[in-house]
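Visitor: Got a structure for you, written out below as structure tokens; questions coming shortly.
Bear in mind these aren't lab numbers, they're just calculated from the coordinates by the rules spelled out. Since this is a predicted model, take the numbers as computed values, not measurements. Here Cβ is always computed from backbone atoms with ideal geometry, including for glycine, and neighbour counts include all displayed protein chains.
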Amino acid sequence: MTSVTGIIKNSAGFHLRPAQLFVEKANEFKAKVMVKNEKGMSVAGKSILGLMTLGVECGSQIIIETEGEDEVSAAQALLDLINSKFGEE
């Protein structure tokens, strides 16, 4: 398993569009993807509905855990997406 930590930096937080982009990117990989918020709630990273329930705002920290044959590249790609502010700013 690979685990990386990211900070949500876009001003609107993790709303529908970033969640959709995250799921699209996660689905490019075979690895299982889980996302955990600061309160410890964990959801499937390939589920828009799950991601929306995390309540992640600007400045929030999330942990991305990936597991499977392409877990390292999946984790890095998802972290890169977060660091790009989902292309919003």
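Visitor: Specify whether the C-alpha gyration tensor of the range 44-89 places it in the rounded, prolate or oblate class, a ≥ b ≥ c being the square roots of the eigenvalues: rounded for a/c under 1.5, otherwise prolate if a/b is larger than b/c and oblate if not. Before the final figure, lay out each step's value.
Guide: Numbers: a/c = 2.04, a/b = 1.27, b/c = 1.60.
The shape class here is oblate.
Visitor: If we count every other residue with Cβ under 13 angstrom of Ser47's Cβ, Lys/Arg +1 and Asp/Glu -1, where does the sum land?
Guide: The answer is +1.
Visitor: For the range 46-85, what is the charge dipole size about the Cα centre, in debye to the nearest 20, if Lys and Arg each add +1 at the Cβ and Asp and Glu each add -1 at the Cβ?
Guide: 280
Visitor: Please list 5-13, 29-37, 72-80 highest first by mean number of surrounding beta-carbon atoms within 10 Å per residue. If you can, show how the numbers build up before the last one.
Guide: On the way: 5-13: 15.1, 29-37: 19.2, 72-80: 17.4.
Taking the mean over residues of other Cβ atoms within 10 Å, the ranking is 29-37, 72-80, 5-13.
Visitor: Counting alpha carbon pairs within less than 8 Å and at least 6 residues apart, what relative contact order, in whole percent, applies to the range 2-87?
Guide: Here the relative contact order equals 45 percent.
Visitor: Additional query: Among (i) 93; (ii) 201; (iii) 71, find the value of volume of the Cα convex hull per residue in Å³ that was calculated from the structure presented, and write down its label.
Guide: Label of the calculated value: (iii).
Visitor: A follow-up question, please. By the scheme Lys and Arg +1, Asp and Glu -1, what is the net charge of all other residues having a beta-carbon under 13 Å from that of Asp80?
Guide: With Lys, Arg at +1 and Asp, Glu at -1, the neighbours total +2.
Visitor: Counting only pairs 8 or more residues apart or on different chains, how many lysine pairs in the chain have their Cα atoms under 15 Å apart?
Guide: Summing the qualifying lysine pairs gives 6.
Visitor: Can you check what the net charge comes to around Cys58, using other residues whose Cβ is under 10 Å from the Cβ of Cys58 (Lys, Arg +1; Asp, Glu -1)?
Guide: Here the count lands on +1.
Visitor: Want the number for His15 to Lys32: 0.36 nm per residue separation, take away the alpha-carbon distance, what's left?
Guide: Gain on extension, His15 to Lys32, equals 3.9 nm.
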